[in-house]
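One structure is given here, and the rest of the page talks about it.
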There are 2 protein chains.
Amino acid sequence: MPTTRVTDIASTLRAAGLKVTAPRTAVLHALDSMSHVTADQIFAAVHPALPGTSLQAVYGVLGALTDAAIIRRIEPAGSPARYERRVGDNHHHLVCTGCGLVADVDCAVGHAPCLTPSNTEGFVATSAEIIFWGRCTSCASSSNEPPEENRV
Amino acid sequence: MPTTRVTDIASTLRAAGLKVTAPRTAVLHALDSMSHVTADQIFAAVHPALPGTSLQAVYGVLGALTDAAIIRRIEPAGSPARYERRVGDNHHHLVCTGCGLVADVDCAVGHAPCLTPSNTEGFVATSAEIIFWGRCTSCASSSNEPPEENRV
DNA sequence: GTGGCATCTTGAATCACTCAAAACAACTAT
DNA sequence: ATAGTTGTTTTGAGTGATTCAAGATGCCAC
């Protein structure tokens, strides 16, 4: 469970062998209150408190944190990459075809049942990624049809 | 099973209410011999026979065919969109993290077992998309580690 | 054969992201 | 505490994939 305390953020970074910097702390802090957000949204959240921070720095931070498995990157079709702090469990995502909202889903049956194609065609599969496409509450009620290919 | 005969391609298009044009026929024909290919690759395949065809036309054709559910678009993270002619069944994909190769996988357990989050958080899920990440035969044997983040 | 409208061509623009060089700042060792 | 080393960030530019727009073309219905 991620926490909001700066000290913990610092030790998380250090544990991964990463230097503790203001942009990194700010990005991780922002990801505690937002989830499934884009680099732009994170930048917008971080910028007021840390006006010197550049968008490229945010990209760099997100890349480093993703490589270190501190955060997870998800890339639904038609959407810019989104990031979340929940890592290490096998959970999946619901994506609204109307507004692009993303929600978490725990794998319904514990450990991935149909998710073991193992050696098909010589492939060695190492992980499975599932995206459920549907409509979120407000999109489902507000309009029955998506307003003109309003994709993520 | 898609067929190669031009007549059948024409009737497929007409059945979807689409006009039968040279670019569309050529794209569908190309997709009979290639699968999981990018717009660029399709353009390259189509261009020699139909030199007047533009890349934008290929994008347009692919969009129209995708909307008409004649072809399927898959967008693995980090890869440009890929297209395949196999539609209407629930099959999924293996993507090689080394070279980007994509292979089909039939859902191992018939009808999507862990794939029914149904109404989580008010979401109404309509379809599930699975991507298995792994290494293809040649990438698995040629090198044990991916050569420097050689992502799709 | 002709008209109407979908489709294609041409050209430009956008979005999300990456690359590169130089300035800077964390951690390490003194 | 201080200086050095090296990883990060800043600034600025560039790229790939895709989309947008205006006008020309050509498919199909009549």
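Would you check if B:Val46 is within 11 Å of DNA strand D (Cβ to nearest atom) and either in contact (Cβ under 8 Å) with a residue 24 or more places away in the chain or in contact with a Ser or Thr (Cβ under 7 Å, 6 or more places away or on another chain) (or both)? So that I can check it myself, show each step before the final result.
Values: within 11 Å of DNA strand D (Cβ to nearest atom): no; either in contact (Cβ under 8 Å) with a residue 24 or more places away in the chain or in contact with a Ser or Thr (Cβ under 7 Å, 6 or more places away or on another chain) (or both): yes.
No, not satisfied.
Restricting attention to segment B:58-65, does a residue exist that is without any contact (Cβ under 8 Å) to a residue 24 or more places away in the chain, within 15 Å of DNA strand D (Cβ to nearest atom) and open to solvent by 50 Å² or more (accessible area, probe 1.4 Å)?
Checked against the condition, which is being without any contact (Cβ under 8 Å) to a residue 24 or more places away in the chain, within 15 Å of DNA strand D (Cβ to nearest atom) and open to solvent by 50 Å² or more (accessible area, probe 1.4 Å), segment B:58-65 yields at least one hit.
Would you list the strands (runs of 3 or more DSSP E) that sit entirely within segment B:1-102 and hold 1 or more residues that are charged (D, E, K, R)? Talk me through it step by step, then tell me what you get.
Values: elements: B:72-74, B:82-84, B:91-96.
Of the strands (runs of 3 or more DSSP E) lying wholly inside segment B:1-102, those with at least 1 residues that are charged (D, E, K, R) span B:72-74, B:82-84.
Within segment A:32-43, count every residue that is touching a residue at least 24 places away in the same chain (Cβ under 8 Å) and within 14 Å of DNA strand D (Cβ to nearest atom).
So the count comes out to 3.
Considering (1) polar (S, T, N, Q); (2) within 13 Å of the chain's Cα centre (by Cα); (3) over 16 Å from A:Arg82 (Cβ atoms), say which one A:Thr38 fails and leave the rest.
A:Thr38 satisfies all of (1) polar (S, T, N, Q); (2) within 13 Å of the chain's Cα centre (by Cα); (3) over 16 Å from A:Arg82 (Cβ atoms) except (3).
The values are calculated or read from the model by the stated rules, or taken from the named source; none is laboratory data. Bear in mind that the values here come from a model prediction, so they are computed numbers and not experimental data. When we count neighbours, we look across all protein chains shown, and the Cβ atoms used for this are built from the backbone with ideal geometry, even at glycine. Each accessible area value is taken on the protein alone, full model and side chains, heavy atoms only, with ligands, DNA and RNA left out. Shrake-Rupley method; radii C 1.70, N 1.55, O 1.52, S 1.80 Å.
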